[in-house]
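Engineer: So that we are looking at the same thing, I have put the structure below in structure tokens.
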Amino acid sequence: MMAVAAVFLPLAAAVLAALTARRAPPVFAGIAATTMTALALAASLVVLAGLGDEPTRVTLATWIAVDGLHLDWSLRLDPLSALMLVVVNAISALVHLYAIGYMAEDPHRPRFFAFLSLFTFSMLLLVSADNFLQLFCGWEGVGLSSYLLIGFWYERATANAAAIKAFLMNRIGDVGLVLALAAIALTFDSLTFDAVFDAAGSTSATLLGLPALEVIGVLLLVGAMGKSAQIGLHTWLADAMEGPTPVSALLHAATMVTAGVFLVARCAPLYAGAPVALDLVAAVGAATALFAATIALAQTDIKRVVAWSTCSQLGYMFLAAGVAVPAAALFHLFTHAFFKALLFLGAGAVIHALAHEQDLRRMGGLARRMPLTCAAMVIGSLALSGLPPFAGFWSKDVILESAYAAHGPVAMTGFWMGLAAAFLTGLYSWRLVFLVFAGEARAPAGVVAAAHEPGWSMRFPVLVLAVAACVAGWWAHDLAAADAPFWRGLFAVTHHADVPAWVPVAPAVAGAAGLLAAWLLYLARPDLRARFAARTSAARAFLASGWRFDALYDSAAVRPIRRLGAFLGVSVDRGLIDRHGPEGIGRAALAGAVRVQFLQTGQLHHYALVVVIGAVLFAAWNLLIGGLW
């Protein structure tokens, strides 16, 4: 019963907000949705506390029962799904509460909370699935909900474009997932997790002349890359910031972008027999971690800096999964949810205080006006930079240590790329803090004078997340290190004896070096930054454009497809089909009818004459043909 409540209460909240939109005061939707999501969190905690060593399932109904295929609609309860239920509901409840204050002036609040709760339910459906087809339903629900939320302010052309872009980019990844499901069904003759995972260790099947597990692993990776914005299918992520800030926090912290990490972690038994696919996961993750960190350095929009940091941190999670330590990926997913939600909600408080200003170049000096928000952002940045004892330190350390211990060429390259990304993370995260809160105010005097801390509905979630960003890492680390099989199996905290002593501390040192570099460039010696910026303007423009991926896709795919569409529309549709197809035949028939209408005179003797002539011609024809034969 508690599992059902944990999953379906957000759906009930979405339905309630939609049905009462016209009858109740606008604030009712926010309060009702927040209350029901908080109750779902309480139910999730009960589920987590009562979970045993073996997975259990709650069967709701028989879904598909045909020859050769039987699927129940069930909720799977194991350490992975129970953890995700708690994380998703916890972050969602705090975001719902925050949104009550943030969206207070928006006239469409009921619609917003309906979409937000639907988004939460879709993610819960995904993580609680007991088979691949049920997972796919949640997967597509997350894609649809994200489209609705990113484009919530549909009056803005940029929001509409961002929503469509996110939807289409995710559909590209979804093609890989659909093909993976087909390959799984073909290989294992089942779509239930237990049946597939039990058979994965002994299968020697092939697809297209290749090992089936390798093919499935690569296809699953394509699907995961779309949702988790890995390099190549990442271009939608920063544009998704067009949605309201609470959407950005929920989307980036605990829901949509972590779906790909969850998929790879859930399918670890399949990847155990696919070493090539596993190396590809690690390579994609390491490349994304470094690539996204370089882009974050050049962003001037406060939300886009945090968004690109999400992309980079997701790369770390893929790196951990790719070196066959999915538990380390889950550990970082757990800690990242808290400090990333904290950074987004802190950024939202700054935007709210500065009359919706998002440009870092027009901020500064806010530490005196917003000391609480400043402290929260500092804590979030310490956690993001991987500095002890904050949350990110514990999980990032495990990932890079595991990569080093794997010793393979891909893993070792991933380690050095991850270490470089750790330095850049410290640099861009503290660049944001210094530009927003330190120095002199660069916003208009009137805006600065009016800046203040947000109300308690926005302040309380930030405080809760700040505490979590401080303690979540060592709390989970100690639980896993203690004699607790549940947590030890969920979070990897094993330190490898065969790695040099400098490896475990290297991520924190790199993050601290990035902090010092940011302090030098943005506080101590701004003249150095000015000279450096003057010499690297082209590089900064390249990074600010996201390595010109959008321009590449535009020239390689978008414009050719548009030209093809224009050609088909003008030459084929209107020129060929309309002119010579059904419409052309109709026009020809009409023109022919006009030409022969003179035969219809209405005079009986004319018609009799035509009949006689026709009969004579017919008789002559028959006589002629008969004579020839």
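The values are calculated or read from the model by the stated rules, or taken from the named source; none is laboratory data. As the structure is a prediction and not an experimental result, all values here were calculated from the model. Counting neighbours? That spans all protein chains shown, and the Cβs are built from the backbone with ideal geometry, glycine included. Areas reflect the complete protein model, heavy atoms only, side chains present, ligands, DNA and RNA absent. Shrake-Rupley method; radii C 1.70, N 1.55, O 1.52, S 1.80 Å.
Engineer: Quick check: net charge around A375, other residues with Cβ under 15 Å of its Cβ, Lys/Arg +1 and Asp/Glu -1? Could you put the intermediate results ahead of the total?
Structural biologist: Details: positive: R368, R369, R459; negative: E453.
Cβ neighbours under 15 Å give a net charge of +2.
Engineer: Per residue, how much accessible surface does the chain expose to a 1.4 Å probe? Answer in Å², no decimals.
Structural biologist: The answer is 42 Å² per residue.
Engineer: Sticking with this one: Could you point to the residue in Y147, G586, A421 farthest towards the positive end of the chain's charge dipole, with +1 and -1 charges on the Cβ of Lys/Arg and Asp/Glu respectively?
Structural biologist: G586
Engineer: If you take the beta carbon distance between R563 and Y154 as r and set R0 to 35 Å, what does 1/(1 + (r/R0)^6) give as a FRET efficiency, to the nearest 0.05?
Structural biologist: On the way: r = 28 Å, r/R0 = 0.81.
Efficiency for this residue pair is about 0.80.
Engineer: Follow-up. Based on the Cβ-Cβ distance of A445 and V570, what FRET efficiency does E = 1/(1 + (r/R0)^6) give at R0 = 41 Å, to the nearest 0.05? Present the calculation step by step, with values, prior to reporting the outcome.
Structural biologist: Values: r = 56 Å, r/R0 = 1.36.
So, using R0 = 41 Å, E works out to roughly 0.15.
Engineer: Beyond 18 Å, what share of the Cα-Cα pairs of region 509-577 is found? Please give it as a whole percent.
Structural biologist: 66 percent
Engineer: Can you pull the percent of region 11-75's accessible area that's carbon plus sulfur, 1.4 Å probe, other chains left in place? Spell out each step's value before the answer.
Structural biologist: Numbers: 2420 of 3720 Å².
Of all accessible area on region 11-75, carbon and sulfur atoms account for 65 percent.
Engineer: Could I ask something else about it? Taking amide H positions as placed in the peptide plane 1.01 Å from N, state which residues far from L60 in sequence (5 or more) or on other chains have amide H under 5 Å from it.
Structural biologist: Close amide H contacts, sequence-distant or interchain: W73, S74, L75.
Engineer: Report the extension gain between F549 and M412 in nm, rounded to one decimal, defined as 0.36 nm multiplied by the number of residues separating them, less their alpha carbon distance.
Structural biologist: Working: separation 137, 0.36 × 137 = 49.32 nm, distance 2.68 nm.
Extra length from F549 to M412 when fully extended: 46.6 nm.
Engineer: Describe numerically, in nm with one decimal, the distance between label points set 7 Å from Cα along Cα→Cβ at A497 and at A588.
Structural biologist: 8.8 nm
Engineer: A further question on this structure: By how many nm would the segment from T300 to A517 grow when fully extended, if each residue of separation counts as 0.36 nm and the alpha-carbon distance is taken off?
Structural biologist: Roughly 76.3 nm would be gained on extension.
Engineer: What FRET efficiency do you get for W456 and A355 if R0 is 25 Å and r is their Cβ-Cβ distance, rounded to the nearest 0.05?
Structural biologist: Computed FRET efficiency for W456 and A355 comes out at 0.75.
Engineer: Something else: Among I184, L354, M123, which residue has its Cα positioned farthest towards the positive end of the charge dipole of the chain, with +1 placed on the Cβ of Lys and Arg, -1 on the Cβ of Asp and Glu, and the dipole taken about the Cα centre?
Structural biologist: The residue sitting most towards the positive pole is L354.
Engineer: Which net charge results for the neighbourhood of V505, defined as the other residues with beta-carbon distances under 11 angstrom from its beta-carbon, given Lys and Arg at +1 and Asp and Glu at -1?
Structural biologist: -2
Engineer: Let me ask something else about it. Taking the Cα centre as origin and putting +1 on Lys and Arg beta-carbons and -1 on Asp and Glu beta-carbons, what dipole magnitude results for the chain, to the nearest 20 debye?
Structural biologist: 2240 debye
Engineer: From the square roots a ≥ b ≥ c of the eigenvalues of the alpha-carbon gyration tensor of region 80-125, which class results: rounded (a/c under 1.5), prolate (a/b over b/c), or oblate?
Structural biologist: Here region 80-125 falls in the oblate category.
Engineer: Just to confirm my numbers, what's the Cα centroid distance between region 274-296 and region 508-579 in Å?
Structural biologist: 20 Å
Engineer: I want the local charge near G418. Using Cβ-Cβ distances under 13 Å, sum +1 for each Lys or Arg and -1 for each Asp or Glu among the other residues. Before the final figure, lay out the partial values.
Structural biologist: On the way: positive: K396; negative: D397, E401.
Net charge around G418: -1.
Engineer: Rounded, prolate or oblate: which fits region 42-200, taking a ≥ b ≥ c as square roots of the Cα gyration tensor eigenvalues, rounded meaning a/c under 1.5, else prolate when a/b beats b/c?
Structural biologist: oblate
Engineer: So how far apart, in nm, are the two label points at R525 and M1 if each is 7 Å from Cα heading toward Cβ?
Structural biologist: Placing both labels 7 Å along Cα→Cβ, they lie 6.7 nm apart.
Engineer: So, by mean Cβ neighbours within 10 angstrom, what's the order for 189-200, 544-555, 594-605, 287-298 with the highest one leading?
Structural biologist: Values: 189-200: 17.3, 544-555: 14.7, 594-605: 8.2, 287-298: 23.9.
In descending order of packing, they fall as 287-298, 189-200, 544-555, 594-605.
Engineer: Taking the Cα centre of the chain as the origin and placing charges on Cβ (Lys, Arg +1; Asp, Glu -1), which of F339, Q299, Q134 is farthest toward the positive end of the dipole?
Structural biologist: Farthest towards the positive pole: Q299.
Engineer: Then there is this: Roughly how many whole Å is it from the C-alpha centroid of region 113-142 to that of region 4-66?
Structural biologist: 12 Å
Engineer: Can you tell me which of 440-447, 277-284 comes out highest on packing, and rank the rest after it, using the mean Cβ neighbours within 10 Å?
Structural biologist: Ranked from most to least packed, the peptides come out as 277-284, 440-447.
Engineer: Now for a separate question. Packing-wise, with mean Cβ within 10 Å as the measure, how do 608-618, 380-390, 71-81, 517-527 rank, highest first?
Structural biologist: Most protected by this proxy first, the peptides run 380-390, 71-81, 517-527, 608-618.
Engineer: Give me the percent of accessible area attributable to carbon and sulfur for region 526-565, probe 1.4 angstrom.
Structural biologist: Summing carbon and sulfur atoms, their accessible area is 65 percent of the total for region 526-565.
Engineer: Here is a further query. Roughly what would the spin-label model give for A205 and T56, points 7 Å off Cα along C-beta, in nm?
Structural biologist: 3.2 nm
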